[in-house]
Structures are given as C-alpha cells and as structure tokens.
Amino acid sequence: MRAKLLFLFLFAGILAGCKKDKYQTKPQLKIKDLTVGTITTLNGTGSAVEIDFEVTDKEGDVEDSIFIQKVDAANVPCPGNSILTNLDYKIPDYPNSSNQKVLFRVRFSTLNVEGYALLGGPACPPRKDTSYFRFVVKDKAGNKSDTLKTAVIAFPL
C-alpha cells in the first residue's frame, strides 16, 4: 500500500513539475484593446484607430518590427483602399530579459497627424471605409509570430 501511495505522490510531483511555459521562442501576439473614433485637427475631421498589443517572447528580443496590412473588406473593394505591401514599423526599445512581455500601441488616422500612421482619405465617397488589419511581429532573431487579423472595422468618416 505504501508503495502505491509513494508512486502516486511521485507521479503527481512529476506532473506538477512539467507545467508548460507560456513564453515561446516564436513571439506570441495579442490585441489587448482596439478603439475606433474620430479625430479633429485644424485640417479637418477624420477617422482614427488605436490598437494596443501584447507580445510575449521567451528570449526577450521582441525589439524588431511589426508588419501591418490594411485590407478593404467591402463587397466591391475600392481601388487604392487596401495597403497590400507590408508597412514595417519599429517596435519601441525595451530592456532585454528572458520571458519578456511587451505592451505597445499602434495608431492610424485618415488625417496627417503626428504620432499616427496615415491611412489616407475616405475610401470611395460617400461609402464608409470598412477594412481589417493583419499584423505579424518579428524579433531580433528573425522569429515571426502567427498572423493576427482584426475583425472588420467600419471607420466613422
């Protein structure tokens, strides 16, 4: 009986010690928050999108780039509304440490506003712009996250 109990405790200890690490070599990308609204400047009023991301990485070298694609989601796409080439933006510098979690924000606007990437004007006036975005993060070692796709976003203007 004691041998069975000892085996049971040993087996339970081994299972408890084999928990999976949530950090992987390939960066893991998540959207924490997505906000769509309007922005007003001296040049007029336009649409704005702010997306907060969380990236985890086992080696802590998530300091390279985020690749962004904007794709027109309308039934009849508007010429020039999709950004089909990758927009390559540098992720802010963070201290390197293993099991790193990085939080950062990407901002887009249909107006030329400092701190926002320019999306261009209205897609096909008077139709509203309905698009989605795809994102991939690359770390310094060249490891890429899986492609993260947003839901379809209807821009207010």
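Computed values, structure above
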{"quantity": "Residue-level accessible surface for Glu50, protein heavy atoms, 1.4 Å, Å²", "calculated": "50"}
{"quantity": "Sequence of Leu111, Leu34 when ordered by accessible area, the most exposed leading, probe 1.4 angstrom", "calculated": "Leu34, Leu111"}
{"quantity": "Arg134 - accessible surface, heavy atoms, 1.4 Å probe, Å² rounded to 10", "calculated": "80"}
{"quantity": "Reachable aspartates and glutamates, given that their alpha-carbon falls under 18 Å from the alpha-carbon of Lys32 and they are not under 8 places away in the same chain", "calculated": "Glu50, Asp52, Glu54, Asp57, Asp146"}
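The values are calculated or read from the model by the stated rules, or taken from the named source; none is laboratory data. This one's a predicted model, so the numbers in the text were calculated from it and none came from an experiment. In case anyone asks, the SASA skips ligands and DNA or RNA and just uses the protein heavy atoms, side chains included. Shrake-Rupley method; radii C 1.70, N 1.55, O 1.52, S 1.80 Å.
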